[in-house]
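Rule-based calculations on the coordinates, nothing more; no lab input. Keep in mind that this is a model prediction, so the values were computed, not measured. Glycine also receives a Cβ, built like all others from the backbone with ideal geometry; neighbour counts cover every protein chain displayed.
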Amino acid sequence: MTLGIYPGTFDPITHGHADVIARSLHVVQHVVVAVAPNHRKAPLFDIKERVELAKIATQHLPGVVVEPFEGLLVEYVRRRGAQAIIRGLRAVSDFEHEFQMALLNRKLDKNLETIFLMASEEYSYLTSSMVKEVAAVGGPLHDFLHPEVAERLKTQLRLTQS
Ligand code: PNS
């Protein structure tokens with residue numbers, strides 16, 4: 001069995017993330033979507049909600065599980081017995097940060113590979129932050145988010161803005 005770990009903040013999960021997860025299933029048999037607390041980014045949704053939303057957005061994909069993880073990614077990947085980290089690349093602007101992260105992870109564990117998958121050009125501009133911006137001013141979300149995730153985002157923004 002081949003297992004890939006797709007780590008991220010997923011605040012919230014977008015169609016772009018789901019596209020990368022679906023593509024990763026052409027390379028590995030199973031994928032764990034690993035949701036990081038990432039307090040540094042001060043996420044809008046708490047980790048439990050982000051896991052729940054990622055489960056909703058990936059429920060149509062067989063071979064995918066979603067779970068939270070804490071601490072060092074390479075240690076989690078080892079504990080999980082996975083073969084590789086999966087990351088999506090949207091544009092050249094992603095490259096430098098992703099390159100640094102992959103090399104840092106390889107320094108921490110020399111046997112660990114990162115597989116980069118190109119997101120569909122349809123989603124190459126999409127980030128969770130931009131989607132939150134669109135949502136905050138009442139813009140349409142159907143091109144970016146699973147309908148249930150979109151509803152939860154609108155509710156969450158109403159709660160935090162009131
Ligand atoms: O979706 P993001 O915010 O780009 O994901 C970043 C993430 C969660 C993959 C990264 O911050 C991470 O791996 N955090 C766990 C702590 C760690 O191992 N850091 C060293 C590698 S950057």
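Bridge orientation summary for the chain: considering DSSP beta bridges with both residues in this region, about 0 percent are antiparallel. Here the relative contact order of the chain, from alpha carbon pairs under 8 Å that lie six or more residues apart, stands at 29 percent. The number of Lys pairs in the chain with C-alpha atoms less than 27 Å apart, excluding pairs fewer than 8 positions apart on the same chain, is 9.
For the chain, the mean residue ellipticity at 222 nm estimated from helices alone is -13500 deg cm²/dmol, where every DSSP H run of n ≥ 4 contributes -39500 (n - 2.57) and the total is divided by all residues, rounded to the nearest 500. Length, then width, then depth: along the principal axes, the Cα atoms of segment 45-142 run 46, 30, 25 Å. Between amide H atoms placed 1.01 Å from N, distances below 5 Å from residue 66 occur with 33, all of them 5 or more places distant or on a separate chain. As a rough footprinting exposure proxy, the listed residues 158, 106, 90 were ranked by other beta carbons within 10 Å of their own, and the order from fewest upward is 158, 106, 90.
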